[in-house]
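Participant: Got a structure for you, written out below as structure tokens; questions coming shortly.
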Amino acid sequence: MSKTYEALKRAEALRARRQGQTTTPDEVEMPMGGDIDLPVSGADDYYELRRRLLGSAVGDSVRTVLVVSPLHGEGASNVACLLGKAMSERGRSHVLLVDLNLRTPSLWRLMHAKGRDGFTSVIAEDRPVEDIMQETEYEGLKVVTAGNGYVDAIDVIDNQRTLDIVSDLGRHADVVFIDAAPVTLYPDARALAPLVDGVILVVEADVTPVSVANRAVELIRDTGANLLGVVLNKRRDYIPDRLLQLIG
């Protein structure tokens, strides 16, 4: 059983005791597996995560990675961006960030992208994806934003051309990180997961309920996707030391 899961269980149990609840997360079973199991609270952690990803054969058998969370606001977009920056540091790898979170796109803001063209332009205007790749301030890191939002998300995701493009993204960079909408709320990530080489699930420390994380894992695995592991994001300093020992 993963350390991230154990940390979530104990944090939820702590909340339950504080609130006088009778149900504890020990009643939920969630075997997690995977190679990534890292609490992320600062920039240095992303370089450690990069090391673990490289150890998981990213750049060889794993070139395209879907980054997704169970719910909104758990930090999947930030994790994707910071992973892209860490992986491309000093031009060591050519990295592409792709925003397919068409529900609440944010890579344009996080990466200070200019212009309105993005992935929706590729589908609506039948353009090659190379046309809408944007340089960033980081050497070796490019971004494809979601686009102008005039195309319905379902029409983009439920489109054979989208599936073909996602399946072929690996040829554009050494590593591709794809941001997607929350997996328990929308079908988007479930449609994309089988097309990539691996999936990273981002959960928020002391916020994501264990039952919801469990459901997210089940949904990802039901697609047949390769769940690389779980990132415990936004770790609070007030999580007791005994939990830090488990997840550190």
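Participant: Kindly indicate the residue of region 93-129 that is of a type in the set (S, T, N, Q) and in contact with a Gly (Cβ under 7 Å, 6 or more places away or on another chain) and also surrounded by the most Cβ atoms within 10 Å (Cβ to Cβ) among those meeting that condition.
Facilitator: It comes out as THR120.
Participant: Please count how many residues of region 113-132 are over 22 Å from ARG103 (Cβ atoms) and among the aliphatic types (A, V, I, L, M).
Facilitator: Qualifying residue count for the region: 0.
Participant: Here's something else I'd like to know. When both residues are 6+ apart or on different chains and their Cβ atoms are under 9 Å apart, which pairs have a first residue that lies in region 175-195 and is modelled with pLDDT under 95, and a second that is in a loop (DSSP other than H, G, I, E, B) and surrounded by 19 or more Cβ atoms within 10 Å (Cβ to Cβ)?
Facilitator: VAL175/ARG63; VAL175/SER88; VAL175/SER93
Participant: Looking for something closer than 18 Å to GLY198 by Cβ, modelled with pLDDT under 95, acidic (Asp, Glu) and surrounded by fewer than 19 Cβ atoms within 10 Å (Cβ to Cβ) - is there at least one such residue anywhere in region 69-92?
Facilitator: Checked against the condition, which is being closer than 18 Å to GLY198 by Cβ, modelled with pLDDT under 95, acidic (Asp, Glu) and surrounded by fewer than 19 Cβ atoms within 10 Å (Cβ to Cβ), region 69-92 yields no hits at all.
Participant: Then there is this: Consider region 84-133. How many of its residues are touching a residue at least 24 places away in the same chain (Cβ under 8 Å), more than 21 Å from ARG63 (Cβ to Cβ) and assigned to a helix (DSSP H, G or I)?
Facilitator: Counting residues in region 84-133 that are touching a residue at least 24 places away in the same chain (Cβ under 8 Å), more than 21 Å from ARG63 (Cβ to Cβ) and assigned to a helix (DSSP H, G or I) gives 6.
Participant: Does region 224-234 include one or more residues that are over 25 Å from SER61 (Cβ atoms), assigned to a loop (DSSP other than H, G, I, E, B) and modelled with pLDDT under 95?
Facilitator: Yes, because at least one residue in region 224-234 is over 25 Å from SER61 (Cβ atoms), assigned to a loop (DSSP other than H, G, I, E, B) and modelled with pLDDT under 95.
Participant: Related question: Of everything in region 146-176, what is in a helix (DSSP H, G or I) and in contact with a His (Cβ under 9 Å, 6 or more places away or on another chain)? Give them in sequence order.
Facilitator: The one that is in a helix (DSSP H, G or I) and in contact with a His (Cβ under 9 Å, 6 or more places away or on another chain): HIS172.
Participant: Exactly one condition in (1) assigned to a strand (DSSP E or B); (2) within 21 Å of GLY118 (Cβ to Cβ) is not met by ILE200; state its number.
Facilitator: (2)
The values are calculated or read from the model by the stated rules, or taken from the named source; none is laboratory data. Remember, it's a predicted structure, so these values are computed and weren't measured experimentally. Using ideal geometry, Cβ is built from the backbone for each residue, glycine included, and neighbour counts are taken over all protein chains shown.
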